[in-house]
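Shown next, in structure tokens, is the structure this report addresses.
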Amino acid sequence: MQAEPIASKQKANNWLFWILPAVLFLVAALNLFLGSVRIPMGEIFKILFGQPGVKDSWVYIVLNYRLPKIITAGLAGAALSAAGLQMQTMFRNPLADPFILGINSGASLGVALAIMGVGMAGGLFIPSLTALGSFGLVVAASIGAAIVMGLILLVGRKVQKPTTLLILGLMFGHATGALVSLLISFSAPEKVKAYSMWSFGSFTSVTWTELSVMIPVVLFAIILLALMPKGLNALLLGEDYAKSMGLNIKQMRLMILISSSLLAGVVTAFCGPIGFIGVAVPHIARNMFKTANHKTLIPAVLLIGAIVAVTADMIAQMPGSQYILPINVVTSFFGAPFVLWVVLGKKGRSTFNV
Amino acid sequence: MKKTVLSIKSLEIGYLNGKPHRTIVADHLNLNLYEGQFICLVGPNGAGKSTLLRTLTGLQPALGGEICLNGKELQKYSGKELAYEVSVVLTSPIEVGAMTVNELVAMGRFPFTGMFDRMTEHDWQIVHESLSLVGMLGFEERMVHRLSDGERQKVMIARALAQEPRLLVLDEPTAYLDLPGRVSIMNLLHELATVHGRTVLTSTHDLDLAMRSADQFWLMASNGHILQAAPEDLVLSGDFQRVFERDRINFDVMNGHFSVSSNFAGQISLQGDGENRVWTERALERIGFQVFPSPTETELQLNILEKNGERSWELSDGLYTKTFRNLASLVEFLRAS
């Protein structure tokens, strides 16, 4: 009988779980139709259903450019948001996310080492040409992400003020940035170029070969996350309470470390550093579903994150023009004011309150 | 024979700061706690009350000695096993938004629900009973961050009860509350122990309240020594007063509360009785007067008159007499002269 109120509340939110996939499908479809080359809608359907009689170049654009790009954007958005959600709960900090805490920078350093550092030693590593090459990139980025995250775990867990953690992340960002600069100044020009191409960040450079690495890694990390809602909920009360309820804190921390480093690492490896999605989407989800329960929040951030990233990609293409903006320009443009809103907002907003 | 819940032998508590270094907060602690007891851990700030409670609940390791919980050594419990035995309420208010009272109390079922946290009807039944025990039925769907501090603390106690612990440990649960909130939480804890047979250990600074409700005090001195006895025994032996000895703050053994001593202002004899006398005396002592029963040779005499429900105070110094309608004007006059 007491189960009813909760059940009815979840029912009230159920419609959102119908709406969100529909919206995701809609923005993905829209994204497929928009682009610098105008392709009629009917032709696109023909291409998708494998019917003959369409211009070869159009087939190529849709199947090998637009489709993987949309899938990449959706995966990246979901992955960054899922990483942000776990980190916000673990650090009990509304500003925690891979970008702000400098974990992206750790991933960047990993990539820089892979492209330029390993190059110095062997000169073999040309990124993203083969599945093996991209897998190496993912490993490098994830290890870089995990190292920075581990450091922040050591230092930042006791930090109470959200803004202090922000400064901590900034410093980690600077430190890794300095190391990358150091690498750049000692590397051959073509390797520096390969690195800087990568660091612009975009969803467009990801091919099917790379997706064949990205999809399973993201899936694995998300499955790991799907095992954690109970523990994450317990962490909402703080580590002492969680421990007193019998949660194995060390194991939980390790799982969060693995899941979020993989998510941040794989996205950074293929799409470059992308800011603000990870911090903003969990807040949007909490506001939308009016809950802190991770059983609801995890699917919610995955869907909303995908929608946000696919939409951001659409804006980045500036439909109707030949220009493409770096995706980071778009996410920062909308994300930076959002973070300011969280930091400067009332007490209610700077905690987990909505 | 009462069952022993906790038995502590020559326990050493404190902090490990790096392997060879450690800060010992207290040692040689020997304490017992029996089923159904309500024990208040009291002592001045910084004595180590929180450290002791954190050690007893497994949140930090003991530095030495032995803690036995239900006859088994505390270190031998796994985190989950311990969660079946002990639940806690901590000082600092939790900061969660977008969580209902029901959801929060349901978290107490954490050790019992499976990996995916599926609540059975039995689990909800216990959530319901816990809320009923703390008198918070009807708040199920309220958001936790919209509750008053007192209500939130009651919900936190309900969460701890939903864990069905053999021992409930609270670290200064009344610290952030206003006076009515304090009274109601201490009453609640008292009731949990005496009426519902729960075993409760709490630290508190509300000595008056604790003294009226606890079965026993664990009286912790600044040096970490702990005396375990009924509060009244501790007062009669003078230990209580010694532990809380501070400048200008006296424990009034006759009335059982702390009083602030003012500078001596004079002597006064007072005629009157009942509540009028008690509160007049308080007002006079507040401004530093020593009060004597009526026919005493003092410079000032005060007479409380009550006619038709109207009170007045008649002050005389042997030459003049002055009448006051309320204590405020009397106090003001005495202060000025």
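Rule-based calculations on the coordinates, nothing more; no lab input. Because the structure is predicted, anything quoted here is derived from the model rather than measured. Please note: Cβ atoms are built from the backbone with ideal geometry, for glycine as well, and neighbour counts cover all protein chains shown.
Structure above, values below:
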item	result
Diffusion coefficient, µm² s⁻¹, Stokes-Einstein with Kirkwood Rh over alpha-carbon pairs of the stretch B:72-138 at 37 °C and 0.692 mPa s	239 µm²/s
Förster radius 45 Å - calculated FRET efficiency between residue B:91 and residue A:182, Cβ distance, rounded to 0.05	0.45
Estimated FRET transfer efficiency (residue A:344, residue A:174; beta-carbon r; R0 25 Å; 0.05)	0.60
Whole-Å semi-axes of the ellipsoid equivalent to the protein assembly as shown (Cα gyration tensor, √5λ, descending)	65, 28, 25
Residues B:40, A:271, B:68, sorted so that the one with the fewest Cβ neighbours within 10 Å comes first	B:68, B:40, A:271
Kirkwood hydrodynamic radius of the stretch A:200-266, from inverse mean 1/r over distinct Cα pairs, in Å	13.6 Å
Two-site FRET efficiency, residue B:7 against residue A:227, from Cβ-Cβ distance with R₀ of 56 Å, rounded to 0.05	0.90
Residue B:307 versus residue B:337: modelled label distance in nm, points set 7 Å from Cα along the beta carbon direction	2.1 nm
Over chain A: helical MRE at 222 nm, DSSP H runs n ≥ 4 each giving -39500 (n - 2.57), nearest 500	-24000 deg cm²/dmol
Most positive-pole-ward Cα, B:227, B:199, B:176, against dipole of the stretch B:158-234 from beta carbon charges	B:199
Helix axis angle, B:274-286 relative to chain B longest principal axis, alpha carbon, degrees	90 degrees
Length added when fully stretched, residue B:264-residue B:122, from 0.36 nm per residue minus Cα-Cα	44.7 nm
Mean separation of Cα contacts under 8 Å (6+ apart) over length of chain B, as relative contact order %	16 percent
For the stretch B:41-51, Karplus couplings with θ = phi - 60° (6.51, -1.76, 1.60), whole Hz, Gly/Pro x	8, 10, x, x, 4, x, 6, x, 4, 5, 4
The stretch B:6-80: relative contact order in percent, alpha carbon pairs under 8 Å with at least 6 residues between	40 percent
Principal-axis tilt of helix B:179-194 within chain B, Cα atoms, nearest 10 degrees	50 degrees
Inter-probe distance in nm under a simple model that places probes 7 Å from Cα toward Cβ, at residue B:245 and residue A:219	7.5 nm
Globularity index of the stretch B:180-247, i.e. its alpha-carbon radius of gyration over 2.2 N^0.38 Å	1.16
Cα-based Rg / Dmax (Å) for the stretch B:161-300	19.0, 64
Out-of-range pairs (alpha-carbon distance over 30 Å; input B:2/B:154; B:3/B:76; A:69/A:230)	A:69/A:230
Whether chain B is rounded, prolate or oblate, judged on the alpha carbon gyration tensor where a/c under 1.5 counts as rounded	prolate
Full-stretch length increase - residue B:166, residue B:325 - with 0.36 nm per residue and alpha-carbon distance subtracted	51.6 nm
DSSP H segments from chain A that extend 20 Å or more along their own axis, Cα-based, with Kyte-Doolittle mean of 1.0 or above	A:131-156, A:162-185, A:208-226, A:249-271, A:294-316, A:327-344
Space enclosed by the convex hull of the alpha-carbon atoms of chain A, per residue, Å³	150 Å³
Value of relative contact order over chain A, rounded to a whole percent, pairs C-alpha under 8 Å and six or more apart	29 percent
Rounded to the nearest 20 debye, dipole of chain A from Cβ charges on Lys, Arg, Asp, Glu	880 debye
C-alpha long axis of helix B:121-133 to longest principal axis of chain B, angle in °	10 degrees
